[in-house]
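**Student:** Once you've had a glance at the structure underneath, I'll fire off some questions.
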Amino acid sequence: MRCSWLAAWLLSLAVLISSESLASTRSATSGVPALDVQLLAPATPEITAESVVGGSLDSRFMPLAGYKASAPAETLWLRLTLPTAHSSTGIPVLIARGGWFEHFDAFPAGSAVGQPLPHATEFREFGGAHDSVFILPQGAIAGQPLYLRVATEDDGADSLRFSLSTLEATLAQVAQHSRMIALTVGALFAMALGSLLIWLILKDKLFLLYPGIFFLQAVYLAYFSGEGFDWPLLSYGSAVSSFTWNVPVALSGAVACLFIREIANLALTSPRVYKIFGWLAWVFVALTLSNLANLVGLGGLVAAIGNLVFVGTAVFTLVVAFLAWRRGNRAAGWFLIAWGMLETVAIATGVRLLLDRAEHAEMLLYYGLPLSMVAAAILVALGVADRLREQRAALTDAERRAQTDPLTGVLNRRSLIERLDAACLRARARGLPIALLFIDLDHFKEINDSFGHAAGDACLSGIIAPIEAELRHSDVIGRYGGEEFVVILSSADITAAHPIAERIRNRVADVEIEGFGPSIRLTCSIGVATSDTLGVWGEHLIAQADAAVYAAKRSGRNRVQVAIAKAA
């Protein structure tokens, strides 16, 4: 488990490093010239579309990088210029990225306002971004400007990004991204549904909380990536925009708090921590409702508080899971691996979106984050399965303890009688005989009085192995009481049972118990009762074998006595 935990962290770090190196490699080798982006000074008087596109206001453009938005929503004019000719195989396109509610119109220099660049398509990206794709004129020359009219909201000019590509490459990339998100969401939905169906049968709380976490994670990914808004049913979420991912992720945090306290068995091991996770679940519910603060302009404050709650709870959860694992809870160890990997990638995703708005984090967003979710779902499922295995093992052990004699390890009297009744039913149904050996240690009271009860216990334990050495897998031995043992020989008649009893008697006579002074030599008397000679079954066989033991003791002990049917 220690190696698995380390491997999970190394895997998450590898995803981050690969995404960084991929982004660097793509920047260095893309060969696409950088766009020179300038902004028309908002204070410019008498701005008309004709004057901008006609070039008469070119002297009033300034670098976009130095602009600070004066209002959350405004209309801007941008001038984009290629420093060198853009040559590529395929249809060249301009990709304009902004927020979901930002609208772009693109115009070539000198064109009429009614003749904008063809708008090929648009698609959504992670974190509330969307790309508008415009087809460029073939053979665009160096220095030829393009003009964009942008209606911005929320982040204003800070959210704008521009790049060049080809229509074929853009559409292929979008299809690949959509396919990855769809496969991930489908996998999470499938695992959540499977767990829910298991819960309908087992009624175990973990199988209800598990789908709660990963169903909400799937909804979060679908909306946060933007893909869900184009899917059936989920498309209705476009009416509430960012609520669509903030609400599922907050609710999944609440369910995760309930899940960790169950899988770590905190109700028994740490009742106080168990209650803390219950309170944290309510904090996440309150955080879900606080999204309504966006309506009154307090969305930024709520987001800051939410980030602190998420990070603090994630660290606390990992610490609790680690401590539970250290106490021997393997299921908590699986959860620790899953949650550690998922939180690492999730935090890295949030940081990259703050820095780059998904421009240089394709590997992380479309592969690292989705695959970490699926891997976490699988690992947590393994944890749940491990928890069930432990419960089943504990139940099996409890059943074994309830059925066996704690001193000798053989069946106790109650279980012995149950096995005898079942064996008799099978034998009678199949027309087969059954035999019973009643074994009684000789002079056991004297052994206890002379050497002590510890020596007597050693004698009782010491004869089990010699007896079992003469039995088949289908035969059963149990402690009937005190120094008395009963052996059930399935499908055995008197001809088969008598030699087995003699061999057992001889093996017991060879036993020597050491460690209590002089060696203790043992002997036993054995009564044999069989259904084929007596015509009785069940406890009547025990009574007949018991009577035969008493006859053996009266005859001098250390002998085998066969029960004989009384004459009618």
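The values are calculated or read from the model by the stated rules, or taken from the named source; none is laboratory data. Remember, predicted model here, so these are calculated numbers, not experimental data. We place every Cβ from the backbone using ideal geometry, glycine too, and count neighbours over all the protein chains shown. Ligands, DNA and RNA are excluded from the accessible area calculation, which covers all protein heavy atoms including side chains. Shrake-Rupley method; radii C 1.70, N 1.55, O 1.52, S 1.80 Å.
**Student:** Mind listing whichever residues of segment 113-122 are open to solvent by 30 Å² or more (accessible area, probe 1.4 Å) and either assigned to a loop (DSSP other than H, G, I, E, B) or under 19 Å from LEU369 (Cβ atoms) (or both)?
**Tutor:** The answer is VAL113, GLY114, GLN115, PRO116, PRO118.
**Student:** May I ask you to verify whether LEU425 is open to solvent by 40 Å² or more (accessible area, probe 1.4 Å), farther than 29 Å from GLY556 by Cα, of a type outside the set (Gly, Ala, Ser) and without any contact (Cβ under 8 Å) to a residue 12 or more places away in the chain?
**Tutor:** Details: open to solvent by 40 Å² or more (accessible area, probe 1.4 Å): yes; farther than 29 Å from GLY556 by Cα: yes; of a type outside the set (Gly, Ala, Ser): yes; without any contact (Cβ under 8 Å) to a residue 12 or more places away in the chain: yes.
Against the criterion (open to solvent by 40 Å² or more (accessible area, probe 1.4 Å), farther than 29 Å from GLY556 by Cα, of a type outside the set (Gly, Ala, Ser) and without any contact (Cβ under 8 Å) to a residue 12 or more places away in the chain), LEU425 qualifies.
Yes/no per residue for (1) under 25 Å from PHE101 (Cβ atoms); (2) open to solvent by 40 Å² or more (accessible area, probe 1.4 Å); (3) in contact (Cβ under 8 Å) with a residue 40 or more places away in the chain; (4) among the small types (Gly, Ala, Ser):
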{"site": "LEU258", "(1), (2), (3), (4)": "no, yes, yes, no"}
{"site": "ARG272", "(1), (2), (3), (4)": "no, yes, no, no"}
{"site": "TRP279", "(1), (2), (3), (4)": "no, yes, no, no"}
{"site": "ALA304", "(1), (2), (3), (4)": "yes, yes, no, yes"}
{"site": "PHE310", "(1), (2), (3), (4)": "no, yes, yes, no"}
{"site": "VAL315", "(1), (2), (3), (4)": "no, yes, no, no"}
{"site": "VAL320", "(1), (2), (3), (4)": "no, no, yes, no"}
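**Student:** Applying the selection to segment 35-56, what residues are of a type outside the set (Val, Ile, Thr) and part of a loop (DSSP other than H, G, I, E, B)?
**Tutor:** Passing the criteria: LEU35, ALA41, PRO42, ALA43, PRO45, GLU46, GLY54, GLY55, SER56.
**Student:** Any residue in segment 75-86 that is part of a strand (DSSP E or B) sitting within a Cβ distance under 6 Å of a residue that is at pLDDT below 80 and open to solvent by 30 Å² or more (accessible area, probe 1.4 Å)? List the pairs, counting only those 6 or more apart or interchain.
**Tutor:** LEU80/LEU35
**Student:** Just need a number here: residues in segment 208-239 that are buried (at least 20 other Cβ atoms within 10 Å of the Cβ), hydrophobic (A, V, I, L, M, F, W, C) and at pLDDT 90 or above.
**Tutor:** 9
**Student:** Related question: Does any residue of segment 408-421 turn out to be assigned to a helix (DSSP H, G or I), hydrophobic (A, V, I, L, M, F, W, C), in contact (Cβ under 8 Å) with a residue 12 or more places away in the chain and open to solvent by 50 Å² or more (accessible area, probe 1.4 Å)?
**Tutor:** Step one: filter segment 408-421 for residues assigned to a helix (DSSP H, G or I), giving 413-421.
From the residues that got through so far, the ones that are hydrophobic (A, V, I, L, M, F, W, C) too are 416-417, 420.
From the residues that got through so far, the ones that are in contact (Cβ under 8 Å) with a residue 12 or more places away in the chain too are 416-417, 420.
Narrowing further to those that are open to solvent by 50 Å² or more (accessible area, probe 1.4 Å): none.
No - not one qualifying residue is present in segment 408-421.
**Student:** Let me ask you something else. Does ALA381 satisfy the condition of being in contact with a Ser or Thr (Cβ under 8 Å, 6 or more places away or on another chain), farther than 18 Å from VAL249 by Cβ, open to solvent by less than 70 Å² (accessible area, probe 1.4 Å) and touching a residue at least 40 places away in the same chain (Cβ under 8 Å)?
**Tutor:** yes
**Student:** Checking GLY517 against (1) buried (at least 17 other Cβ atoms within 10 Å of the Cβ); (2) touching a residue at least 24 places away in the same chain (Cβ under 8 Å): exactly one of these is not met. Which one?
**Tutor:** Tallying (1) buried (at least 17 other Cβ atoms within 10 Å of the Cβ); (2) touching a residue at least 24 places away in the same chain (Cβ under 8 Å), GLY517 fails exactly one: (1).
**Student:** So is PRO466 open to solvent by 10 Å² or more (accessible area, probe 1.4 Å) and under 57 Å from the mean Cα position of the chain (by Cα) or not?
**Tutor:** yes
**Student:** Given the criterion in contact with a Ser or Thr (Cβ under 6 Å, 6 or more places away or on another chain) and either among the acidic types (Asp, Glu) or open to solvent by 30 Å² or more (accessible area, probe 1.4 Å) (or both), identify the matching residue among LEU251, LEU193. Steps first, answer last, please.
**Tutor:** Numbers: LEU193 fails: in contact with a Ser or Thr (Cβ under 6 Å, 6 or more places away or on another chain).
Unique residue meeting the criteria: LEU251.
**Student:** Which of the residues spanning segment 57-74 are assigned to a loop (DSSP other than H, G, I, E, B) and at pLDDT below 85? Walk me through how you get there before you give the answer.
**Tutor:** So the first thing to find is which residues in segment 57-74 are assigned to a loop (DSSP other than H, G, I, E, B), and the list is 57, 67-73.
Once the filter is applied, which keeps residues that are assigned to a loop (DSSP other than H, G, I, E, B) and at pLDDT below 85, segment 57-74 yields TYR67, LYS68, ALA69, SER70, ALA71, PRO72, ALA73.
**Student:** For segment 489-514, which residues satisfy the criterion of being crowded, with 22+ Cβ neighbours inside 10 Å and not in a helix (DSSP H, G or I)?
**Tutor:** Answer for segment 489-514, where residues must be crowded, with 22+ Cβ neighbours inside 10 Å and not in a helix (DSSP H, G or I): LEU489, ALA492.
**Student:** On to the next question. If you take the residues in segment 473-487 that are touching a Ser or Thr at 6+ places or on another chain (Cβ under 8 Å) and open to solvent by 40 Å² or more (accessible area, probe 1.4 Å), which one is modelled with the highest pLDDT?
**Tutor:** Only one residue tops the list, namely ARG479.
**Student:** Looking only at segment 520-545, which residues are more than 57 Å from the chain's Cα centre (by Cα) and open to solvent by 10 Å² or more (accessible area, probe 1.4 Å)?
**Tutor:** Selection gives ARG521, THR523, ASP532, THR533, LEU534, GLY535, GLN544.
**Student:** Inspect all residues belonging to segment 530-540 and state whether any of them is in contact (Cβ under 8 Å) with a residue 40 or more places away in the chain and assigned to a strand (DSSP E or B).
**Tutor:** Scanning segment 530-540 turns up at least one residue that is in contact (Cβ under 8 Å) with a residue 40 or more places away in the chain and assigned to a strand (DSSP E or B).
**Student:** Determine which member of the set ASN265, ASN246 is out of contact with any Leu (no Cβ under 9 Å at 6 or more places or on another chain) and surrounded by 14 or more Cβ atoms within 10 Å (Cβ to Cβ). So that I can check it myself, show each step before the final result.
**Tutor:** Numbers: ASN246 fails: out of contact with any Leu (no Cβ under 9 Å at 6 or more places or on another chain).
After applying the criteria, what remains is ASN265.
**Student:** Got at least one residue in segment 451-466 being over 17 Å from VAL511 (Cα atoms) and assigned to a helix (DSSP H, G or I)?
**Tutor:** Yes.
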